[in-house]
Amino acid sequence: MTETVTVAAAELAETPGTPVLDVVIPVYNEETDLGVCVHRLHAYLRQGFPFPARITVADNASTDATLQVAELLAAELDGVRVVHLDAKGRGRALRAAWEHSDAQVVAYMDVDLSTDLNALLPLVAPLITGHSDLAIGTRLNASSRVVRGPKREIISRCYNLLLKASLQARFSDAQCGFKAMRTEVARRLLPLVRDGEWFFDTELLVLAERAGLRIHEVPVDWIDDPDSRVDLVDTARKDLLGIGRLTRALATGALPLEELRRAVGREPLVPGVPLGMVGQLVRFAIVGVLSTLAYLLLYVVLQSFTGAQVANFLALLITAVGNTAANRAFTFGVRGATGVVSHQFQGLLIFGIGLALTSGSLFTLHHWAPDAPVQLELFVLVLANLLATVLRFVGLRWVFRNSPNSARRAAVSTRPDAETEGGAR
């Protein structure tokens, strides 16, 4: 497969005039529909599309005459090229065509042309201008017009609801066969995508979203192909496996998403305000409120047995360990066992600052008011903890400044280049 794709890439490089858009049509045993599709798309691109465009037919291991039809079309029409793969899988076909494209923007659409071609320019325009990184057609927008059976409608909506529940996806339609991406983004994002079949789209979008890339959505007019040969049961099984695998990878921090974010330039808008800091502050505040409540409860319980200073030390120590663990995973997104001991040790050093502030506050209070009631002690401790919390946030941002990238780089360096899943739908 590698040799075939390399030859195709060389042929593309020899084409005079670099296109702005490369539209890929992945096909498997589509000898009947391919000619109609390519002629219709070619006419549209030549007559009304404002940017130079190429059509790439990506044949993935067809067993009928699809490859021969594609080669005849390439010989007949200017701006039509063919990429052939020896293994099945729409994801593999798209990966091969997109990674080797010399266009500014790469896109794909299904061979049945279910989507109205008038949506193509709104799809790719934000990518050409650099405003967005990816663009998808959506059949689930209120302004979309869709003609398809109730079975497929229910399956599609249930699948997207599952993605929202399991992977916190915010895009509306994962599997609409009408997507585009800036090529420079594709070259950085595609090596992280493991699936080579129909979960490819979902994995691509989830990773892009988690990396902070901008996804543009276009409501489409869609007429479903009644002759679809998709094995729904097998596809659903593989999609569920893909969701589980991707959930684990995200939970363990096994993906260099922060590096991707920096590489494509999605940096802070306001100088001096680090990207994601507002969200970190909110999550840190939630953890802080829960930690403070736990600290005060422990202090009240222990104070009558151990005295104020010992109760303060024990309550602060216990909640500091839990606070560091919670902020590590929840606030800063650091998962997995790598560096956990080091992080807790550094967290305890920061705990020492909080201990000094709170113990010093209690010492001062008892020096000036030896008989101060526990309510006054709690008031003084809350004020001291507020100052300690600010210092703790700054300290933890320093502790976790590089940890996600280090863990993810280690995981990616041991990942196979691709899976060998078979089949396409």
Considering only residues that are in contact with an Asp or Glu (Cβ under 7 Å, 6 or more places away or on another chain) and under 14 Å from GLU258 (Cβ atoms), look in region 187-215 and name the one that is surrounded by the most Cβ atoms within 10 Å (Cβ to Cβ). ALA208
Please tell me if VAL80 is surrounded by 20 or more Cβ atoms within 10 Å (Cβ to Cβ), without any contact (Cβ under 8 Å) to a residue 60 or more places away in the chain and out of contact with any Gly (no Cβ under 8 Å at 6 or more places or on another chain). yes
Name the single residue that is nearest to ASP239 (Cα to Cα) among those in region 123-152 being surrounded by fewer than 15 Cβ atoms within 10 Å (Cβ to Cβ) and over 20 Å from the mean Cα position of the chain (by Cα). LYS151
Quick check: is even one residue across region 350-369 within 23 Å of GLU258 (Cα to Cα) and either within 34 Å of the chain's Cα centre (by Cα) or of a type in the set (D, E, K, R) (or both)? no
Taking region 83-101, which residues are farther than 11 Å from VAL24 by Cβ and touching a strand residue (DSSP E or B) at 6+ places or on another chain (Cβ under 8 Å)? HIS84, LEU85, ALA87, LYS88, GLY89, ARG92
Hey, could you check region 39-67 for residues that are charged (D, E, K, R) and outside any helix (DSSP H, G or I) and say which is most open to solvent (accessible area, probe 1.4 Å)? ASP64
So, in region 10-34, of the ones that are open to solvent by 10 Å² or more (accessible area, probe 1.4 Å) and closer than 12 Å to LEU113 by Cα, which residue ends up modelled with the lowest pLDDT? ASP33
What about THR183, is it in contact with a helix residue (DSSP H, G or I) (Cβ under 8 Å, 6 or more places away or on another chain), under 17 Å from LEU232 (Cβ atoms), assigned by the TED database to the domain that holds VAL57 and hydroxyl-bearing (Ser, Thr, Tyr)? no
Spot the failing condition for ARG92; the list is (1) crowded, with 20+ Cβ neighbours inside 10 Å; (2) touching a His at 6+ places or on another chain (Cβ under 8 Å); (3) not small (Gly, Ala, Ser), and only one is missed. (2)
Tell me which residues, restricted to region 153-174, are in a loop (DSSP other than H, G, I, E, B) and open to solvent by 40 Å² or more (accessible area, probe 1.4 Å). GLN168, ARG170
Could you please tell me which pairs satisfy a Cβ distance under 6 Å, a separation of 6+ or placement on different chains, a first residue in region 372-386 that is within 16 Å of THR292 (Cβ to Cβ), and a second residue that is open to solvent by less than 40 Å² (accessible area, probe 1.4 Å)? VAL380/SER361; VAL380/LEU365; LEU381/THR358; ALA384/THR358; ALA384/SER361
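The values are calculated or read from the model by the stated rules, or taken from the named source; none is laboratory data. Given the structure is predicted, the values throughout are model-derived calculations rather than measurements. A quick note on method: Cβ atoms are made from the backbone with ideal geometry, for glycine too, and the neighbour counts reach across all protein chains shown. Areas reflect the complete protein model, heavy atoms only, side chains present, ligands, DNA and RNA absent. Shrake-Rupley method; radii C 1.70, N 1.55, O 1.52, S 1.80 Å.
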